[in-house]
Amino acid sequence: MKYSLFLAGNWQEPKQSMPVYSPYSGEWIADVPDADEEETAAAVDAACQAEKTAASIPAHERADILLKVANLIEENRETCARLIALEAAKPIKTARKEVARTIMTYRFSSEEARRMPTEFINMDAAPGGEDKTAYVLRKPVGTVGAITPFNFPMNLVAHKIGPAIASGNCVVLKPAEQTPLSAFFIAELFSKAGAPEGILNVITGDGKLVGRKMVEDERVNMITFTGSKQTGLDIRSRAGLKNVTLELGSNAAAVIGEDTDIERAAEKLTAGAFAYQGQLCISVQRIFVHKSKSRELQRAMKKNVETYTPGSPLDEAADFSKLISPQETTRVKAWIDQAVKEGAKLITGGEVEDGILQLTLLTETERSMNVRCEEVFGPVAVIETFETWEEAVSLVNDSKYGLQTGVFTNRLDEALQAARSIESGSVLINEIPSFRLDHMPYGGVKDSGNGREGVKYAIDEMTERKLISIQA
Ligand code: ADP
């Protein structure tokens, strides 16, 4: 397959192409555009020229387009799942779950289009306002630049273009170099759904070149980004006065209280740590368990890990596969080796077999080790102990990140204390931090970023408030 740029509703032959390889087999899958600065500017042009059209489409029509896209994905569910599996090395069972969530994200976007927030202002609350009536409308910012990572090639794209189009914006989407095919497929579905030309434009190429050009282009009014902290910082430093939403990483923690049903929690924790090989911003990475339950939890998780099957992402039996690149496998393996060298103990895993990194559990780690203080983005979790609830909270907060945290306890005082004192975007009681529904407000504190996604909340970031006051 050879893909073209998707600009103003047309497929435009690029000047140059670049290959996309399967992360699993290393085989060539497709050629996609390797856009230069001029082509990036052309994508922004296409979006800017469609701004007036986008803003004038009534909400009910925007809702219809987004609902049609959701329905088209549903009709093409298996194609979508196979595309994700192929380009991201995501096990097909997990890829199908992503497709189901993508459908939900577009459905929520369709619904939110119809209920764009408006607000009446009580002008008589202050002297001088007695004869005035005022309300606030939401106006689209204009052109949204969306930059997405490889780990959810469809649903993270949906979390950006769904709310942007729901709120009357145009989009230039730059998907990850590793996983552009799902994005092109979605562009095709937008065309089929009757989206006016230029509302969605898709451009691929070198992240630094295309991404930076988009970020620096003054005609792009807002940047919505999901990816690494390092890129987030680069974007923030170049974005000038644009609105910027940054969804960055974390080393998510789960606290397991003394009264927890360990068998049940272990099942969830294993899934949360190792789904898609741990390549989730909210993978379970740091597990803090009450000292009295540590051995039981270690044993239960080890037993669960033994039931997970490695394999090709297209294999129905596979629960995990290779990481996105051999370099990533080498990096994560080196972090494990370093931890072990410095005294950490392996509960299970730690080796690479046929190119697949084993699911790895460590204990007796130090807070300074990469496997604990950095975002691993691989199949590694550490299990450490605590004795008091205060200690558990302070262990969780001993991180530069704060995206989502899971807390298992049946005690109201512990749950409330955790909810109050844990520094993260969400605290989920009796749930793993990897749990996410697509309408939940989602985003981080500290180095995990700023701004919130979750359709309605993303719309908030992608619109300006316009006050209309009438004297009468
Ligand atoms: P990850 O490590 O999850 O792949 P990255 O931050 O490297 O995260 O990449 C996420 C997205 O950001 C990709 O689409 C990538 O091409 C893009 N990107 C990389 N560097 C830059 C940059 N300097 N400015 C804007 N976007 C970038």
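Just so you know, all these numbers are worked out from the coordinates, no wet-lab data involved. As the structure is a computational prediction, the values presented were derived from the model and not from experiment. Here the Cβ is made from the backbone with ideal geometry for all residues, glycine too, and neighbour counts use every protein chain on show.
In region 293-434, the convex hull through the Cα atoms has an average projected area of 9.3 nm², a quarter of its surface area. Both the radius of gyration and Dmax for region 429-472 are 15.9, 55 Å, in that order, over alpha-carbon atoms.
Sorting 41-52, 256-267, 230-241 by average packing, meaning the other beta carbons within 10 Å per residue, from highest down gives 41-52, 256-267, 230-241.
Would you mind calculating the relative contact order of the chain from Cα pairs under 8 angstrom and at least 6 residues apart, reporting the percent as a whole number?
18
Sorted fewest first by neighbouring Cβ atoms within 10 angstrom, HIS290, HIS439, HIS159, HIS60 come out as HIS60, HIS439, HIS290, HIS159.
Can you compute the helix-only [θ] at 222 nm over the chain? Use -39500 (n - 2.57) per DSSP H run of at least 4 residues, normalise by all residues, nearest 500 deg cm²/dmol. Before the final figure, lay out the partial values.
Details: 16 runs with 181 residues, N = 472.
Computed ellipticity for the chain at 222 nm equals -11500 deg cm²/dmol.
For the chain, a Kirkwood hydrodynamic radius built from all Cα pairs, placed in the Stokes-Einstein relation at 37 °C and 0.692 mPa s, yields a translational diffusion coefficient of 142 µm²/s. Counting only alpha carbon atoms, the long axis of helix 229-238 and the longest principal axis of the chain meet at about 30°.
Here the peptides 247-255, 462-470, 203-211 are ranked by packing, the mean other Cβ count within 10 Å, and the order with the highest first is 247-255, 203-211, 462-470.
Shape annotation for region 1-153: C-alpha extents along the principal axes are 71, 39, 25 Å, from largest to smallest.
Of the residues ARG420, ARG62, the one with the fewest other Cβ atoms within 10 Å heads the list, and the complete ranking is ARG420, ARG62.
Applying 1/(1 + (r/R0)^6) with r as the Cβ-Cβ distance of THR309 and ASN430 and R0 = 30 angstrom yields a FRET efficiency of 0.60.
Looking at the P(r) of region 116-192, how many percent of alpha-carbon pairs lie beyond 16 Å? Value for region 116-192: 60 percent of Cα pairs lie more than 16 Å apart. Taking Cα atoms only, the orientation of helix 77-88 departs from the longest principal axis of the chain by about 60 degrees. Counting only DSSP beta bridges with both residues in region 253-442, tell me the antiparallel percent, nearest 5. Among the beta bridges of region 253-442, antiparallel pairing accounts for roughly 20 percent. For region 253-442, the relative contact order is 27 percent, taking Cα pairs closer than 8 Å that sit 6 or more residues apart in sequence and dividing their mean separation by the residue count. Rounding to the nearest 10 and keeping the result within 0 to 90°, find how far the Cα-based axis of helix 59-75 lies from the longest principal axis of the chain. Taking the Cα atoms of the chain, the angle to 59-75 is about 40 degrees.
Stretched out straight at 0.36 nm per residue, the stretch from ALA126 to GLN471 would grow longer than its current Cα-Cα span by 122.8 nm.
The orientation-averaged shadow of the Cα convex hull for region 141-227, equal to a quarter of the hull surface, comes to 5.0 nm².
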